[in-house]
Amino acid sequence: MCHSFTVTLRVLLSLPLLLVCAVPAAEPRDPQSFTDEAIRVAAARLPRLQSLLVSRHGSLVFEYYAKGAGPARLTNVKSVSKSIISTLVGIAIDRHILESINQPIARFFPGLTQDRDPRKARITLEDLLTMRAGLESTSFDNYGAWVRSPNWVTYVLDQPLVSEPGTAMEYSTGNTHLLSAILTSATKGSTWAFLQESLGRPLGLTFSRWPRDPQGIYFGGNDMLMTPRQMLTIGQLYLNRGRAGDRQIVPASWVDASCTPRGRSRFNPDQTYGYGWWMRDFAGRQGCFAWGYGGQYIMVFRDLDLVLVTTSSTAISDERRDHRRQIFDLVERLILAPLASGS
């Protein structure tokens, strides 16, 4: 567990991220890389932005919070949850709790073998992870009807196939909720319990519980609650290819596979998708990132040894798309470009 203590700024910047998580918010500077005052001013001009954190070489070098926000405030990270679910699947496969990414999900949902469409029995764990299950989406316009249904898992599995499993990407939160149901069955516990045991405990974090479906399965793919510094710790874990200190928490091969493109967004063609993580070019630098509705991000830039986190208001608003572009502009212009030239 982390404990509060007083240190000088010089010592703070030399501490590993998992110790920094307990230190009160500071304003460290790295003037050779970027001007934190310029970032702070730009961040304050984004009314939806609640936090912006930057970690480089394993140290927290910039931290901004809007009024009312703070390092300990829980945020609904929305679809960042999908990246966390993917991480848990990778750990479960490594521990042989699940067989492999090629395991058919009919093992957990035997009714698929009697479905009117026999192709559903061929859907695999990898198809769910990559959004290539082929089932009609339960996101966007279909989301409301899905979460109002009496059985979320059954609702997802009953959707018609709109493409062959393993082919086209069709973004759907239902896919990752099926993964949460599978983790619940395979671990003989709950998704939250497995998250706390496999990630929380070794990282020194305590994850809050989040909403569950009518059958008690933790929502897989939305509404997880995390603090900005917890998000930063997850980003650092992925930057270090699943390693924290001397312990390999997530298999390095899983981290690499998660950040390998396997599909492309229909709505944002400049973005590709791996195992629950997105990829995109930022100012000439390839970033692998978790993305949640409204502006929740964990961005990992391995070649710069850099992790960025943002949290934002999740209120529905027409300005949310402009907010996303403004976040990307701030990151590219005031953080990535100066750091890339300085390095």
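Every read-out reported here was derived from the displayed coordinates using simple, explicitly stated rules and does not represent laboratory data. Predicted, not measured: the structure shown is a model, and the values here were computed from it. A quick note on method: Cβ atoms are made from the backbone with ideal geometry, for glycine too, and the neighbour counts reach across all protein chains shown.
Okay, here's what the table says:
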{"item": "Tensor-based shape of segment 206-299 (alpha-carbon gyration tensor, a/c under 1.5 rounded, otherwise prolate or oblate)", "result": "oblate"}
{"item": "Residue order, fewest to most surrounding Cβ atoms within 10 angstrom, among R229, R212, R132", "result": "R212, R132, R229"}
{"item": "Tilt relative to the chain, helix 80-94 - C-alpha long axis, 0 to 90 degrees, to 10", "result": "70 degrees"}
{"item": "Integer Hz, Karplus 6.51/-1.76/1.60 couplings in order for segment 257-262, x for Gly and Pro", "result": "5, 5, 9, 10, x, 9"}
{"item": "Long-range amide H partners of Q50 with built H, under 5 Å", "result": "T311, S312, S313"}
{"item": "Extension gain from R119 to Q215, taking 0.36 nm per residue of separation minus the Cα-Cα distance", "result": "31.9 nm"}
{"item": "Karplus 3J(HN,Hα) series, Hz, for segment 205-210 with 6.51 cos²θ - 1.76 cosθ + 1.60 (x for Gly, Pro)", "result": "10, 10, 8, 6, 6, 9"}
{"item": "Stretchable slack from A145 to A283, in nm (0.36 nm times residue separation minus alpha-carbon distance)", "result": "45.8 nm"}
{"item": "For T310, T260, T130, T124, order by how many other beta-carbon atoms lie within 10 Å, fewest first", "result": "T260, T124, T130, T310"}
{"item": "Residue exposure sequence - W277, W192, W291 - by fewest surrounding Cβ within 10 Å", "result": "W192, W291, W277"}
{"item": "Dipole magnitude of the chain, debye to nearest 20 (Cβ charges: Lys/Arg +1, Asp/Glu -1, about Cα centre)", "result": "380 debye"}
